[in-house]
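First the structure, in the form of structure tokens, and then the observations on it.
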Amino acid sequence: MAARGGIHTAVDNALAIGAEVIQTHPTPAQMWRPLRLEDAERELYLAKYAASGLRGHYLHAVYLINLASPKEALLHSSVTSLVHYMEVAASLDADGVVFHPGSHLGAGFDSVLAQVAAAIREVIDRSPPGRARLLVENSAGSGGCVGRSFEEVARIVEAAASDRVGVCLDTQHAFASGYDVRDPSGVARTLDDFSRLIGFQRLGLVHANDSARALGSNADRHANIGEGEIGEDGFRILLGDPRMRRVPWVLEVPGPERKGPDREQVSLLRRLAGA
Ligand SMILES: [Zn+2]
């Protein structure tokens, strides 16, 4: 949800499209600028949220984060930014902070794993107490992205060794990195892999996005639900699995006018869930 004009406007925007959970980018996704949250604005948000009937709020960290970077300064900014997001989450009583772990830029996953895990531990250690979990999102696998497979995500989460670290499963990224979720057998294989390698107790959130690119393309290109390569059937099958229904689903689709998810997309997903 857009939150221009203050974080409380995300609540209005969510209700306007019939959403039950929200994800916001509280700061511009391509800048390091921290959020300055005035008390009055925070209280307005908390009052609106409490009255809204919404059942979850997830923050999406900035895209600049790279915990796998060889550059000390970028690693430091990344950790500081994630700590800031965890502070914002605590002050808004939000449910989680989703982030992309970053890219090893060709150095290879094994050579950055220890650094990524140590950085995540540092973020957790410096975070205030609160309900929010730090959620590692699987990547589409382009450009040396860390977390391109359930194996890699599992190894990050295991090495970080904290109950406050969970996983956000993005359906488009999974499809682009080779998980075929278009039919029952593909979905079964994908979710069994997830269960065996990561475990569903770690799943905190689903990013529900159709894919504008082919299976295994490694391209991070979201499409509206039903208009991409995964298609309505894939989402119906995914939504039919009880393990996937225990967590909130948020849309990160372009929408009909490229203004983001709309009421149609929310109701389509709800229909595919059999609701
Ligand atoms: Zn996503």
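The values are calculated or read from the model by the stated rules, or taken from the named source; none is laboratory data. All of these numbers come straight from a predicted model, not from anything done at the bench. Using ideal geometry, Cβ is built from the backbone for each residue, glycine included, and neighbour counts are taken over all protein chains shown. Each accessible area value is taken on the protein alone, full model and side chains, heavy atoms only, with ligands, DNA and RNA left out. Shrake-Rupley method; radii C 1.70, N 1.55, O 1.52, S 1.80 Å.
Once the whole set of protein chains is in place, how much accessible area is left on Y49, using a 1.4 Å probe, in Å² to the nearest 10?
We get 50 Å² for Y49.
Which distance in Å, rounded to a whole number, links the C-alpha centroids of the stretch 231-275 and the stretch 60-82?
Centre-to-centre distance over Cα atoms comes out at 31 Å.
Please identify which residues in the stretch 58-98 have an amide N closer than 20 Å to a label point set 7 Å out from the Cα of E43, following the Cα→Cβ vector.
Under 20 Å, as judged by backbone N against the label point of E43, lie 88-94 of the stretch 58-98.
Could you give the length gained by full extension between D183 and S267, i.e. 0.36 nm per residue of separation minus their alpha carbon distance, to one decimal place?
Stretched fully, the D183-S267 segment lengthens by 28.1 nm.
Top to bottom by accessible area (1.4 Å), largest first, where do D220, D39 land?
D39, D220
In nm, what is the difference between 0.36 nm times the number of residues separating E232 and S52 and their Cα-Cα distance?
61.9 nm
DSSP loop (so not H, G, I, E, B), at most 12 other Cβ within 10 Å: list which GluC sites (Glu not before Pro) in the stretch 28-87 pass both filters.
Here the GluC sites (Glu not before Pro) that fit, given the DSSP loop and packing criteria, are E38.
Counting DSSP beta bridges with both partners in the chain, what percentage is antiparallel, nearest 5?
DSSP beta bridges in the chain are roughly 10 percent antiparallel.
Taking the simple approach of a point 7 Å from Cα along Cα-to-Cβ for both Y63 and R126, what is their distance in nm?
Computed distance between label sites Y63 and R126 equals 2.4 nm.
Determine the calculated [θ] at 222 nm for the chain from helices alone, applying -39500 (n - 2.57) to every DSSP H run no shorter than 4 residues and normalising by the residue count; nearest 500 deg cm²/dmol.
-13000 deg cm²/dmol
Given the C-alpha centroids of the stretch 144-197 and the stretch 96-132, what is the distance between them in whole angstrom?
A separation of 16 Å, based on Cα centres.
Work out how far the C-alpha atoms of the chain reach from end to end along every principal axis, then list the three figures in whole Å, largest first.
Projected onto its principal axes, the Cα set of the chain covers 48, 46, 31 Å.
Once fully extended, how much extra length lies between W32 and S142, figured as 0.36 nm per residue of separation less the alpha-carbon to alpha-carbon distance?
37.3 nm
Please give the FRET efficiency for E72 paired with D163, using the beta carbon to beta carbon distance and R0 = 30 Å, rounded to the nearest 0.05.
Using R0 = 30 Å, I get an efficiency of 0.55.
Obtain the nm distance between the two label points defined at D110 and A2 by a simple spin-label model: each point lies 7 Å from its Cα along the Cα-to-C-beta direction.
My value for the distance between the label points is 4.8 nm.
Which whole-Hz ³J(HN,Hα) couplings does the stretch 26-40 yield from phi under the Karplus relation 6.51 cos²θ - 1.76 cosθ + 1.60, θ = phi - 60°, glycine and proline marked x?
x, 10, x, 5, 10, 10, 7, 4, x, 7, 9, 9, 6, 4, 5
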